1. Please find, among VAL170, VAL179, the residue that is touching a Gly at 6+ places or on another chain (Cβ under 7 Å) and open to solvent by 10 Å² or more (accessible area, probe 1.4 Å).
2. Could you say which residue among THR117, THR107 is open to solvent by less than 40 Å² (accessible area, probe 1.4 Å), more than 10 Å from the ligand (Cβ to nearest atom) and either assigned to a loop (DSSP other than H, G, I, E, B) or of a type in the set (Asp, Glu) (or both)?
3. Mind listing whichever residues of the range 284-316 are among the aromatic types (Phe, Trp, Tyr) and closer than 16 Å to VAL257 by Cβ?
4. Which one of these is of a type in the set (Val, Ile, Thr), touching an Asp or Glu at 6+ places or on another chain (Cβ under 9 Å) and surrounded by fewer than 17 Cβ atoms within 10 Å (Cβ to Cβ): VAL125, VAL81, VAL145, VAL91?
5. Name the pairs whose Cβ atoms lie under 6 Å apart, with the first residue in the range 178-202 and more than 20 Å from GLY237 (Cα to Cα) and touching a residue at least 60 places away in the same chain (Cβ under 8 Å), the second charged (D, E, K, R) and in a helix (DSSP H, G or I), and 6 or more positions between them or separate chains?
6. Tell me the residue from LEU104, LEU60, LEU38, LEU49 that is touching a residue at least 60 places away in the same chain (Cβ under 8 Å), touching a strand residue (DSSP E or B) at 6+ places or on another chain (Cβ under 7 Å) and on the phi < 0 side of the Ramachandran plot, please.
7. Which numbered condition trips up LEU201, out of (1) among the aliphatic types (A, V, I, L, M); (2) open to solvent by less than 30 Å² (accessible area, probe 1.4 Å); (3) touching a helix residue (DSSP H, G or I) at 6+ places or on another chain (Cβ under 7 Å)?
8. Among the residues of the range 240-257, how many are within 13 Å of the ligand (Cβ to nearest atom) and either surrounded by fewer than 19 Cβ atoms within 10 Å (Cβ to Cβ) or not aliphatic (A, V, I, L, M) (or both)?
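The values are calculated or read from the model by the stated rules, or taken from the named source; none is laboratory data. The model shown is predicted, which means the values in this text are computed figures rather than measured ones. When we count neighbours, we look across all protein chains shown, and the Cβ atoms used for this are built from the backbone with ideal geometry, even at glycine. In case anyone asks, the SASA skips ligands and DNA or RNA and just uses the protein heavy atoms, side chains included. Shrake-Rupley method; radii C 1.70, N 1.55, O 1.52, S 1.80 Å.
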Amino acid sequence: MKRIVVVGASLAGLRGVETLRRRGFDGSLTLVSAESHLPYDRPPLSKELIRGEREPDQLLLRPKDAYDELELDWRRGHRAVALELAERRVVLDDGERLAYDGLLIATGGAARALPGTDALRGVHVLRTLDDALAIRSALEAGPRVAVIGAGFIGSEVAASCRQLGLDVTVVEALDVPLVGSIGPTMGAACAALHADHGVALRCGVSVDGFDGSERVEAVRLSDGSRIDADLVVVGIGVRPETGWLEGSGLALDDGVVCDATCAANAPGVVAAGDVARFANPRFGESMRIEHWTHAVEQGMAAAARLLDGEAAAPFAPVPFFWSDQYDVKIQFAGRVRPDDEIRVVHGSIEERRFVALYARAGRLVGALAWNRPRQLIGYRRMLREQASFEAALAQAARSS
Ligand SMILES: Cc1cc2nc3c(=O)[nH]c(=O)nc-3n(C[C@H](O)[C@H](O)[C@H](O)COP(=O)(O)OP(=O)(O)OC[C@H]3O[C@@H](n4cnc5c(N)ncnc54)[C@H](O)[C@@H]3O)c2cc1C
């Protein structure tokens, strides 16, 4: 393999190029990035950055002066607009065609917007550094904030805004937030966390529209009520950035469809990170994971797939994420369903310092920790080993 093109220069793409060089790939390595910033870390955007506690140059994923050694042929500020599979070429927005032997797709996701909000000032999404800087500057005026969606990003924005002393209302269509990620019991614990910090949480309602002609003045809800707001942050999820691949012949299904080695359905093409839907052999299901740790691990695995070909080891991660809200570090490993059995094995929900384990058919399927990072480590290992629930409970009893 002589020429590798990586499209997307964020976490998965950067970890991919670093892995290629570390593993001795000495051919040409082209990195295409739509954003003109140096690759930066997204998790602090909804946390320290919008609170004004960190600056953009403190978010770099790699020191500024450490790029030369990667010997990148970098197309910064350029978007890939098409893929010519038969010719093995990526087409850029300026018409340039980049020929490749290997292609790593790491274009991540874009924040979903609410229809009809494009022209309305004061309505924001949060995905990029520029989004976060725009929100930070809007927060300086001390606005009344409405957050649409109580997923992790919406919850973190709400927490940050409360930490800044602002009035915050969160609107969530589900009856309990985060049911899909951590189940109803722990979703309710997250709701209580926000309520205790003074967030007005409105669950089971959706957004009907907005009042205000040029600038948002209020959010209209499906139950007929209205929330006065000067700033609205929409956190209703992410859509994978696959628009540029449509019609190319690459299999797409809410992401780039990959096998268990991150390989797409075309020779020399792999995908990683938020954009990749892959067959996870550990779970026997296809999944697309939007977490930081996953983007790192899959970026590395996809790079290894380019170098090792079909001999590459299957990529079989246990999903893991964290979220920081107020003074609580929430960490979760595994994959759960709303009807999984759940047991708090260390601490208690009331003291907001606990570990809860999730079980299905006698197996440990998830572990959630609030402010107990050290204790989670052992359960993450047990999840990788596909331990029984009984073994996990025995471990909990031993370490209590
Ligand atoms: C505000 C925020 C907070 C988060 N907090 C946490 C957290 O606390 N914990 C956690 O586990 N995860 C968190 N995440 C998720 C984590 O940051 C993502 O999973 C991770 O960034 C995914 O990396 P990626 O490289 O796959 O995609 P992205 O980071 O989305 O990067 C994709 C890159 O590709 C570029 N691109 C897209 N299309 C094209 C194109 N056609 N041509 C060229 N370039 C293109 C994009 O501009 C972007 O730079 C958070 C995410 C956000 C947005």
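1. On the way: VAL170 fails: open to solvent by 10 Å² or more (accessible area, probe 1.4 Å).
Sole residue among the options that is touching a Gly at 6+ places or on another chain (Cβ under 7 Å) and open to solvent by 10 Å² or more (accessible area, probe 1.4 Å): VAL179.
2. On the way: THR107 fails: more than 10 Å from the ligand (Cβ to nearest atom).
Checking each option against the conditions leaves just THR117.
3. The answer is PHE315, and nothing else.
4. From the options VAL125, VAL81, VAL145, VAL91, the qualifying one is VAL81.
5. Taking only residues 6 or more apart or on different chains, the pairs are HIS197/ARG162.
6. Details: LEU60 fails: touching a residue at least 60 places away in the same chain (Cβ under 8 Å); LEU38 fails: touching a residue at least 60 places away in the same chain (Cβ under 8 Å); LEU49 fails: touching a strand residue (DSSP E or B) at 6+ places or on another chain (Cβ under 7 Å).
Step by step, each of LEU104, LEU60, LEU38, LEU49 is checked, and only LEU104 is touching a residue at least 60 places away in the same chain (Cβ under 8 Å), touching a strand residue (DSSP E or B) at 6+ places or on another chain (Cβ under 7 Å) and on the phi < 0 side of the Ramachandran plot.
7. Unmet condition: (2).
8. Here the count works out to 8.
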